[in-house]
Amino acid sequence: MNRRDFSRSVLLMGMGAATGTGAEAAAPQGELYEEPPRKLPVRQFDVVIAGAGTGGVVAALAAARQGARTALVEAKGYPGGTVTEGGTALHSFYNLWKAFPGVAKRQVVRGIPQEIVERLVKVGGCSGHAEMFEGYDYDSVCTCIDTELYKLTAFEMLVESDVRVFVNTLLTGAIVNGPRLRGVIVESRSGREAFSAKCFVDCTAYGDLAAYAGAKFTEPNDYDVCNSVGIGNVDIDKYYAFLKSHGAAGQLARGLRSGRPDQIVRAGAESVNVPGMAEAARALGMGMITTTVHDNYLMFIKCNLRMPVSPTNRDEVVKAELEIRRRLARAVELFRQYVPGCEKAFMARTSPHLCIRRGRLIECDYDITLSDVLEARHFDDEVMVYGFHDSAPRYQVRNGGTYGLPYRALRVDGLENLLAAGMMITSNRDAHMSTRNTVCCMGQGQGAGTAAALCAARNCGTRDLEYAALRDALVKAGVYFEG
Ligand SMILES: Cc1cc2nc3c(=O)[nH]c(=O)nc-3n(C[C@H](O)[C@H](O)[C@H](O)COP(=O)(O)OP(=O)(O)OC[C@H]3O[C@@H](n4cnc5c(N)ncnc54)[C@H](O)[C@@H]3O)c2cc1C
């Protein structure tokens, strides 16, 4: 359609019909354009995973390895998501053993997430599970990654496992028939298509697929948004010594760095009392904890911003993107100005867009509570166990133990073949401070991907899947359970 035709259509057509893409909710008041109906090519899969991020990569690997024809739809040009863009380390594969003398050290998340770590170590892209020597009432280990090698490693693993990876492809809608999701609409430079499948997993962080499919959700807007800058030409040993000399060192982990063991790979504190730097850092919403797996690189320094509305509001996000980029540049200036060894620091990379801690919260059959987490509660349908809380030492799982994540917490309420995994589940903010962390999202991904493949193979809804079969498949794939 040329510009004249477009204008004519706008003038001739009346109010647009709801499309099920969510676009109508964001439309400005006034003139509307009604899209003409069109026929789309349909591609058939057993399982579609929306979002190749922290949870989605693992979900797709898990589904494909169960034999499901699996499509993975990702808006960006690479898999990885927030684990490669926001955070500084993977928390946490272990229980909090160091904070509880006498409690045995045990690796509580294994399976595919551990396999990714092993692949990364082999290519020099991971610190290994580096032990914390300061701040170990927060976490006992810290697993730092090279975020670029993570993207490549994840991509290679997906291809090796026969996942059909559709990067640079945006999921824009859902095809729903009552409580059943029939397919998704995707858009790329190859055009607009429909992907149909028997079972679906939403791993988009924002809950896009669930929202398009009509699931119930809320948008609490109760976290800062953030971008993270990787700083080059720096010296983490000098950074740590500098913080220490100001009584400001709070965390320290030692592990593999530039191929050498027992190096500082994590250092810093939530806030520092360095005169001049402290107030400036506060004004930027700048965190002072950093990690690295390379001698001359800090990964990352974060700048946070509180938005007035939920980060699903595009126009407010535009303002936030600009403001955070200004803050990142100023943060690197602070390093140059104040931190010995960082006089020639520069911005080596930033995330492609701001990162969120949560956007939409999708209603599922079960909502994990803070007491589930803190009381180390276990369930008769759990898909993983987990022992980390991001607000530790204020909140810790009882006795350095674990709680279970039940399968029912991944089943999207009201839809019979849609699961959700990652930061979009768990409404209680303090419980979410545990379930949203990378390693938990990865474990949920393995649970959801496995369940989706089993449902597709059995032609059954997510609520009809026999838990014993799911548990058996997870155990065979190396997932750890207590007892
Ligand atoms: C700034 C920040 C710092 C953090 N620090 C840490 C830390 O140090 N340690 C830790 O363990 N956790 C940390 N977290 C938490 C953790 O990183 C996230 O909660 C977790 O990575 C979220 O994983 P996810 O799978 O839910 O989403 P994501 O990893 O964000 O994956 C979502 C994917 O879906 C894609 N997508 C979204 N919508 C669409 C669509 N419509 N179509 C196609 N693709 C789509 C996205 O591009 C993305 O790749 C941090 C979070 C933030 C924001």
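The values are calculated or read from the model by the stated rules, or taken from the named source; none is laboratory data. All figures in this text were calculated on a predicted structure; none of them were measured in a lab. Please note: Cβ atoms are built from the backbone with ideal geometry, for glycine as well, and neighbour counts cover all protein chains shown. Accessible surface is based on the protein model in full, side chains and every heavy atom, while ligands, DNA and RNA are left aside. Shrake-Rupley method; radii C 1.70, N 1.55, O 1.52, S 1.80 Å.
What the table shows:
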quantity: Qualifying positions in the range 298-340 - open to solvent by less than 50 Å² (accessible area, probe 1.4 Å), over 23 Å from the mean Cα position of the chain (by Cα) and among the aromatic types (Phe, Trp, Tyr); calculated: PHE335
quantity: Candidate set from the range 165-198 (those that are assigned to a loop (DSSP other than H, G, I, E, B) and of a type outside the set (A, V, I, L, M, F, W, C)); member that is nearest to the ligand (Cβ to nearest atom); calculated: THR169
quantity: Which listed residue is touching a residue at least 12 places away in the same chain (Cβ under 8 Å), touching a His at 6+ places or on another chain (Cβ under 8 Å) and near the ligand (Cβ under 10 Å from one of its atoms), from THR143, THR88, THR82; calculated: THR143
quantity: Helices (runs of 4 or more DSSP H) completely within the range 408-483 that count 1 or more residues being open to solvent by 50 Å² or more (accessible area, probe 1.4 Å) and in contact with a strand residue (DSSP E or B) (Cβ under 9 Å, 6 or more places away or on another chain); calculated: 467-476
quantity: Flag if GLU279 is within 13 Å of the ligand (Cβ to nearest atom), charged (D, E, K, R) and either at pLDDT below 90 or over 22 Å from ASP137 (Cα atoms) (or both); calculated: no
quantity: Identity of the residue in the range 244-263, open to solvent by less than 80 Å² (accessible area, probe 1.4 Å), in contact with a Gly (Cβ under 9 Å, 6 or more places away or on another chain) and outside any loop (DSSP other than H, G, I, E, B), that ends up nearest to PRO393 (Cα to Cα); calculated: GLN251
quantity: VAL176 out of contact with any Lys or Arg (no Cβ under 8 Å at 6 or more places or on another chain) and modelled with pLDDT of 95 or more; calculated: no
quantity: Among the residues listed as GLY449, GLY443, GLY478, the single one being within 16 Å of the ligand (Cβ to nearest atom), modelled with pLDDT of 95 or more and over 29 Å from ASN177 (Cβ atoms); calculated: GLY443
